[in-house]
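*Asks:* Starting off with a structure, shown below.
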Amino acid sequence: MKTVQVDAGSKSYPVFIGDNTVTQLNGFIQTHLPECTKVLIITDETVAALHLQALQREITGFPVVSHIVPAGEHAKTFDVFYSCQSFALEEKLDRKSLIIALGGGAVGDLAGFVASSYMRGIPFIQVPTTILAHDSAVGGKVAINHPLGKNMIGAFYQPEAVFYETSFLRTLPALELRSGFGEVIKHALISDKDFYESLLNEIDELEKVPEKTWAVLLEKGILVKSKIVAKDEKEANVRAFLNFGHTLGHAIEAEMGYGNMSHGEAVVIGMLFALRLSKKKLQLDFSINNLEAWLQSLGYETKVPAHLKVDALIDRMKQDKKSVSGTIHFVLLDAIGNPVIVKMDEQELMEELHIFKGE
């Protein structure tokens, strides 16, 4: 088991990565939250069938209840958020109670936001079950979606700990592997050329990546994120670099309808577009063709879906959290491992998107 310590300004906490990490969960609660009155596990329909009973067996000495929500982005709605709050009230959770987020990024975002707002904040622990969640489970961004924008209603609220049980990854379908690996690629591109090239040269079939290799990749990605979060917990400056590929990616997700394209796959398309802009505006020395061919061999779509309209994507990007007074900001690279934020002229962006779409 590996341990990464995240220092996030308002809180420092451990991320445990490896097989059998959940066996350490009960001891952690007893040691760090000895006055815990009740544990609420929030999970989704898919994960509940696979892992809920196993997690419940690990928690002894505390009353445990669970609340099951829809899978994927369908969990991140006002109605589901309200149902979680109602359940917590009905079960008489108090300020000493604990919420555990068991699931992927969507469940982590939802459960964290529930914890941040219930009685003005109670403790929560992340137990990720996907590769994608290595990004969302660390750093304290918790949120739900609004029809006008992804993750627009939320807070910065750090967990007590993250227990990354890598054996849970064995149940992931190919779609989830691609979604999560997209964020691994992002962390490599914004941090380290050698990290990126090792992925390009060594990963040729996601379904055959060994669990121990996933553990190493997750640790690398979490280290990249934790270093940035330590400098900028609430995204005043450099934390925005973690949004590389997300400006267009989030717009694609919203226009497709949340849940109709996975987050990581949308971000991959967003990164390819951001790399195109980086070559044009910052003279980035990088082979997009090699990256695109590799991504396609791994099963990724690399183009904006043909039915999405450029005007609609632009409108979505204006609502991006990095935008200021409607001016769209993009995270670009002037070298692999060196991200920068660039203001984009709307007309130029529109022209580049038309070219990127092949129109």
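*Asks:* Check which residues have an amide H placed less than 5 Å from LEU284's amide H, if you skip close sequence neighbours.
*Replies:* Amide H to amide H, under 5 Å and 5 or more residues apart or across chains, LEU284 pairs with LYS279.
*Asks:* Tally Lys and Arg at +1 and Asp and Glu at -1 over the other residues with C-beta under 14 Å from the C-beta of LYS208: what net charge comes out?
*Replies:* Net charge in that neighbourhood comes out at -2.
*Asks:* Check which residues have an amide H placed less than 5 Å from ASP192's amide H, if you skip close sequence neighbours.
*Replies:* Counting only residues 5 or more places away or on other chains, the set is GLY337.
*Asks:* Take the Cβ-Cβ distance between ASP315 and ILE153 as r, set R0 to 22 Å, and report the resulting FRET efficiency rounded to the nearest 0.05.
*Replies:* 0.70
*Asks:* I'd like the FRET efficiency for ASN289 and LEU175, computed as 1/(1 + (r/R0)^6) with the beta carbon distance as r and R0 of 22 Å, rounded to 0.05.
*Replies:* About 0.30, to the nearest 0.05.
*Asks:* Stretched out fully, how many nm does the piece from MET119 to LYS96 gain, at 0.36 nm a residue minus the Cα gap?
*Replies:* Values: separation 23, 0.36 × 23 = 8.28 nm, distance 1.02 nm.
Here the answer is 7.3 nm.
*Asks:* A follow-up question, please. Only counting other Cβ atoms within 10 Å, I'd like ILE190, ILE59 sorted with the fewest neighbours first.
*Replies:* Lowest count first: ILE59, ILE190.
*Asks:* Next question. If you bin the C-alpha pair distances of the range 228-309 every 5 Å from 0, what whole percents do you get?
*Replies:* For the range 228-309, the binned pair fractions read 3, 14, 20, 21, 20, 14, 7, 1, 0 percent.
*Asks:* By counting other Cβ atoms within 10 Å of each Cβ, how are ASP315, ASP194 ranked from fewest to most?
*Replies:* Going from least to most buried by this count: ASP194, ASP315.
*Asks:* Right, here's the next one. Going by how many other Cβ atoms sit within 10 Å of their own, how do ARG170, ARG316 line up, fewest first?
*Replies:* ARG170, ARG316
*Asks:* How much mean residue ellipticity at 222 nm does the chain get from its helices, if each DSSP H run of length 4 or more adds -39500 (n - 2.57) and you divide by all residues, to the nearest 500 deg cm²/dmol?
*Replies:* Working: 13 runs with 155 residues, N = 359.
Estimated from H runs of four or more residues: -13500 deg cm²/dmol.
*Asks:* Could you work out the Rg to Rh ratio of the chain, with Rh taken as the Kirkwood radius (inverse of the mean 1/r over all Cα pairs)?
*Replies:* Reported Rg/Rh, Kirkwood definition of Rh: 0.96.
*Asks:* Further question on the same structure: Applying the Karplus parametrisation 6.51 cos²θ - 1.76 cosθ + 1.60 with θ = phi - 60° to the phi angles of the range 180-186, what ³J(HN,Hα) value in whole Hz is obtained for each residue in order, glycine and proline being reported as x?
*Replies:* x, 5, x, 6, 4, 4, 4
*Asks:* Report Rg/Rh for the range 174-357, rounded to two decimals, where Rg is the Cα radius of gyration and Rh the Kirkwood radius.
*Replies:* In the range 174-357, Rg relative to Rh is 0.94.
*Asks:* Averaged over all directions, how much area does the convex hull of the C-alpha atoms of the range 37-195 cover when projected, in nm²?
*Replies:* Numbers: hull surface 38.5 nm².
So the Cα hull casts an average projection of 9.6 nm².
*Asks:* Then there is this: Suppose R0 equals 22 Å; then what is the FRET efficiency for LEU89 and GLN56 from their Cβ-Cβ distance, rounded to the nearest 0.05?
*Replies:* In this case the efficiency is close to 0.55.
*Asks:* Using the Cα atoms of the range 82-168, I'd like the radius of gyration and the largest Cα-Cα distance, Dmax, both in angstrom.
*Replies:* Over the range 82-168's Cα set, Rg and Dmax evaluate to 12.5, 36 Å.
*Asks:* Same structure, new question: How high is the relative contact order of the range 243-359, in percent, with contacts defined as C-alpha pairs under 8 Å that are six or more residues apart?
*Replies:* Numbers: 151 pairs, mean separation 31.8, N = 117.
Computed over the range 243-359, the figure is 27 percent.
*Asks:* Using the Karplus curve 6.51 cos²θ - 1.76 cosθ + 1.60 with θ = phi - 60°, what ³J(HN,Hα) values do you get for each residue of the range 165-179, in whole Hz, with x for Gly and Pro?
*Replies:* 7, 5, 5, 5, 5, 5, 8, 6, x, 4, 4, 5, 4, 5, 4
*Asks:* If you plug each phi of the range 97-109 into the Karplus form 6.51 cos²θ - 1.76 cosθ + 1.60 with θ = phi - 60°, what whole-Hz ³J(HN,Hα) values come out, in order, with x for Gly and Pro?
*Replies:* For the range 97-109, the Karplus-derived couplings read 6, 10, 9, 10, 8, 10, x, x, x, 5, 5, x, 4 Hz, x marking Gly and Pro.
Just so you know, all these numbers are worked out from the coordinates, no wet-lab data involved. The structure displayed is predicted, hence computed values, not measured ones. Counting neighbours? That spans all protein chains shown, and the Cβs are built from the backbone with ideal geometry, glycine included.
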